[in-house]
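What follows draws every value from the coordinates through simple rules; no lab data is involved. This structure is a prediction, so every number in the text was calculated from the model and none was measured. For neighbour counting, all protein chains shown are included, and Cβ atoms are generated from backbone atoms with ideal geometry for every residue, glycine included.
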């Protein structure tokens, strides 16, 4: 199996296939709890470079293969540890909680006492395995030499409350998977969780109210941490302060490699970590490909890139920094000195009669639509889930009465956008509690309208403050992109009052979304006149495209 996966992942040849595995090593924690770990190592090596992986998803297949045996066959020793309260480790699992820092510190203390400890170590892994790396880096640990963090970030709040609305589908999908993963068929269940049938099951659950009952509908029991997420929506809440590890980004001395995907729900937070590292003079390496959270291609790239990064950082010296970016639309990889590349802000304004153009708007009447949370505007594709595709034809969404569209003329040349687009919309909702969702699409000559990037903002009172005429200027970032809009294609902006179940619907009443069951429609006006120049700001690269060396797609 290791040979098959190594070929599939495109890994360098194995140095050995003679690997020893020590199972169920007991690692003591300060509170008396013991966590279980497995150690993989080349049989004849004495103190090969060490990689630590801390996971709540188990120590055997697939993690033991991908980060245990495959790494050990290429000259590393790897310790894969089950997080507190998972797969035989003692204690109670509290995801993203303070215990990750204390458990990580205690695990490093235990490593130092082992005869095979080489004096330094690296870390690797995607998703929660990436967050647990930042928890170790929060030590700080001077021996923590290198990190390979995939589809993960130091701050989890923004993934749970993107734009201020609860990330309903992702969070319910996660508890649905997590509460079913242990047992003899855990690997098969994990694969089943990525099947479209599972997505349909989760969508049936997310259609019910109240939200604080969905954990019971999914698992048959109350999930304390799910209840905590619902009860603490604010980013400044002490609950999230205890789980925010951005201080580790500001202090770590480890060589950092970040691997993300354009359709991954953690990407904006991961790029904030990248920017923080660069702001303090650290030169991380960044890879962003055309993937969702844990697509097969994303996993393969994560293992391949992590192995190369850790080999050079722990054995051969630091790898050259920079950014390797896949440009969608052009379907090619670019090697850049940093992300984002230089770009000029171009304002594309909303116009009367559904127009969308760089020219400022003229005097015109507002457009309007009504968002009804009892029949919420659906989400269609985007950076969420594992079933279906991330980019699809949006015409079925755009034809709805609760959706507005603004479309530009056919482009007379390719237009390459790289960075973060920003929506600046002037709105007049008839209720103070509302959301606005904006999505950029590329319209092909056939009429097919493909989503490129999007974002949402919750317009509760005070965020932002309404003007005296009842108009609110809603300014918010859309998803990061590197995309080439093709000559002859058109750019379209889609505006709605939500994207369910990706984001929990706004009940329109001001009640807590966790407990609300009463739903009230909201009528939105979208203004586009000289006094209210609604627009999207695009970071447009040079006419020849984003600088850097391009390669085949």
Item to complete: At 7 Å along the Cα-to-beta-carbon direction for both residue 460 and residue 43, put a label point, then send me their distance in nm to one decimal.
Response: 6.0
Discussion item. If I fit a long axis through the Cα atoms of helix 168-178 and take the longest principal axis of the Cα atoms of the chain, what angle between them do I get, 0 to 90°, rounded to 10?
Written reply: 20
Worksheet item: To the nearest Å, what is the center-to-center distance of region 71-115 and region 17-66, using C-alpha atoms only?
Response: 8
Response to the item:
Of region 134-170, those with amide N under 18 Å from the point 7 Å along the Cα→Cβ vector of residue 217 are 166-170
Practice prompt. Name all residues of region 210-239 having a backbone nitrogen under 20 Å from the label point set 7 Å from the Cα of residue 182 along its Cα→Cβ direction, giving them as ranges.
Written response: 215-228
Worksheet, complete the sentence: In Å, the Kirkwood hydrodynamic radius from C-alpha pairs for the chain sits at 24.5
Worksheet item: What value, in deg cm²/dmol to 500, does the helix sum -39500 (n - 2.57) over DSSP H runs of n ≥ 4 give at 222 nm once divided by the residues of the chain?
Response: -6000 deg cm²/dmol
Discussion item. Testing the spin-label approximation: label points 7 Å from Cα along Cα→Cβ at residue 331 and residue 509. State their distance in nm.
Written reply: 5.0
Worksheet item: Spin-label point model (7 Å from Cα, Cβ direction): what's the residue 227 to residue 375 distance in nm?
Response: 3.6
Worksheet item: Name the residues of region 507-531 whose amide N is less than 12 Å from a point 7 angstrom out from the Cα of residue 475 along the C-beta direction?
Response: none
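Using the count of nearby Cβ atoms within 10 Å as a rough guide to exposure, how do 76, 9 rank from fewest to most?
Sorted ascending by nearby Cβ count, the order is 9, 76.
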Practice prompt. Starting from the eigenvalues of the Cα gyration tensor, five times each then square-rooted, give me the equivalent ellipsoid semi-axes of region 55-163, largest first, whole Å.
Written response: 22, 16, 15
Response to the item:
Per the 1/(1 + (r/R0)^6) rule, R0 = 45 Å and r from the Cβ atoms of residue 446 and residue 365, FRET efficiency to 0.05 is 0.90
Worksheet item: Applying 1/(1 + (r/R0)^6) with R0 = 51 Å to the Cβ-Cβ distance of residue 396 and residue 283, what FRET efficiency is obtained, to the nearest 0.05?
Response: 0.70
Practice prompt. Using 0.36 nm per residue of separation minus the Cα-Cα distance, give me the extension gain between residue 17 and residue 517 in nm, one decimal.
Written response: 174.2 nm
Fill in: Over 29 Å [Cα-Cα, region 344-550], rounded percent
22
Discussion item. For a Förster distance of 30 Å, can you work out the FRET efficiency between the beta-carbons of residue 7 and residue 320, rounded to the nearest 0.05?
Written reply: 0.65
Fill in: Mean separation of Cα contacts under 8 Å, 6 or more apart, over the residue count of the chain: relative contact order %
15
Fill in: Value of relative contact order over region 1-40, rounded to a whole percent, pairs C-alpha under 8 Å and six or more apart
31
Item to complete: Work out how much length residue 431 to residue 113 would gain on full extension: take 0.36 nm times their residue separation and subtract the Cα-Cα distance, in nm to one decimal.
Response: 108.3 nm
